[in-house]
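First the structure, in the form of structure tokens, and then the observations on it.
The values are calculated or read from the model by the stated rules, or taken from the named source; none is laboratory data. Source: prediction; values computed, not measured. Glycine also receives a Cβ, built like all others from the backbone with ideal geometry; neighbour counts cover every protein chain displayed. Heads up: the accessible areas ignore ligands, DNA and RNA and are worked out on the full protein's heavy atoms, side chains in. Shrake-Rupley method; radii C 1.70, N 1.55, O 1.52, S 1.80 Å.
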Amino acid sequence: MGFRPREPSPPEAFYPSGVDVSSSALRFLAARLREHRRALGSRWRRLSAGRQALLALAHLRNGQPYAQLAIGFRIGTTTAYRYITEAVEILAALAPTLAKAVRAASMKAYLILDGTLLPIDRVAADRPFYSGKHKKHGMNVQVIADPKGRLLWVSPALAGAVHDVRAAREHSIIDALAEADINCWADKGYQGAGGTVRLPYRGRWDRLSVGQQAVNRSHAIVRALVEQAIATLKSWRVLRKLRCSTTRITSLVQAVLTLHLASSD
């Protein structure tokens, strides 16, 4: 998909953009925006619901800044920000809860859990956001994938200094999986999680028994598939380097999850 201004314009007002998302995601968001406008009783907007949907997708998928998008869509930067924020909030409200995601996955043989860091533009003084594991500032999100590595759910964002097992507990992921009696594969970062979380054996490789080494090999093969889900999440470029307030990051993550699930149905 792409767009150009409908009428000829000077070079500085020309802004081509390819949005690498399915047409079903565009239709889904446009339909939700039309419903929202009807509920508000909006009579006229600078952009149609379809164009607003394309604007939001260009920002989320390609990570383009508001000023560039404003030029391409022939609107003000403030209007671009307002339209994108509106679309993100609508999508975020539609994201599945953990309980819903676990119910939907109840027939799966098992699930895979892992945490990832979404980089943010913070300075060294912002210690709560600094991840010692990744050696950078960011936000911790927990990702749940199915046995084929497909993205099922993403948690709200916490400061990057929060360890994975603590994040899983704060989001009640461990309790939710235990209540549903769903086995979950995770790495050593979830040591002490308990419940139905399955971890590899700890210790130096040469000190593990042959059986323990075999278990750890199998565990690593299964767990590696969660990287596909994380790659799916980060294919939305806005999440690769977040330059917004940390209070908005959860909404962005949930909006991306909603769009991914809508285009996967």
Query raised in the report: What number, rounded to the nearest 500 deg cm²/dmol, is the helix-based mean residue ellipticity at 222 nm of the chain, given -39500 (n - 2.57) per DSSP H run of at least four residues and division by all its residues?
Result: -13500 deg cm²/dmol
**Report entry** Structure-derived Cα Rg over 2.2 N^0.38 Å - corresponding label in (1) 1.01; (2) 1.13; (3) 1.06
**Finding:** (2)
Query raised in the report: Residue separation times 0.36 nm, minus the C-alpha to C-alpha distance between Arg27 and Arg45: what's the value?
Result: 4.7 nm
Requested in this report: Could you compute the FRET efficiency for Gln68 and Ser172, with r as their C-beta to C-beta distance and R0 at 51 Å, rounded to 0.05?
Outcome: 0.80
Query raised in the report: For Phe28, what accessible area in Å² do you get when you roll a 1.4 Å probe over the heavy atoms of the protein chains, rounding to the nearest 10?
Result: 50
Query - Residues with amide H under 5 Å from that of Ile120, placed H, sequence gap 5 or more - result: His137, Gly138, Met139, Leu242
Query - Subset of Lys100/Lys136; Lys100/Lys133; Lys108/Lys133; Lys135/Lys241; Lys136/Lys234 violating a 26 Å alpha-carbon distance limit - result: Lys100/Lys136; Lys100/Lys133; Lys108/Lys133
Report summary line: Computed ³J(HN,Hα) along the stretch 160-167: with the Karplus parameters 6.51/-1.76/1.60, θ = phi - 60°, integer Hz and x for glycine or proline, the list is x, 6, 6, 6, 4, 5, 5, 4
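With a 1.4 Å probe and every protein chain left in place, work out the accessible area per residue of the chain in Å², rounded to a whole number.
So the chain comes to 50 Å² accessible per residue, rounded to a whole number.
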Query raised in the report: Sorted by accessible area with a 1.4 angstrom probe, largest first, how do His134, His36 fall?
Result: His134, His36
Query - Projected-area average for the stretch 55-138 over all orientations - Cα convex hull basis, square nanometres - result: 8.3
Report summary line: Going residue by residue through the stretch 174-183, the Karplus relation 6.51 cos²θ - 1.76 cosθ + 1.60 with θ = phi - 60° gives ³J(HN,Hα) values, rounded to whole Hz and with x marking Gly or Pro, of 4, 5, 5, 5, 5, 5, 8, 6, 10, 5
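Counting only protein heavy atoms and a 1.4 Å probe, tell me what percentage of the stretch 44-189's accessible area is made up of carbon and sulfur.
On the way: 3490 of 6350 Å².
Carbon and sulfur: 55 percent of the exposed surface of the stretch 44-189.
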**Report entry** Convex hull per residue volume in Å³, alpha carbons only, for the stretch 133-202
**Finding:** 101
Report summary line: Rounded to the nearest 5, the percent of antiparallel DSSP beta bridges in the chain equals 75
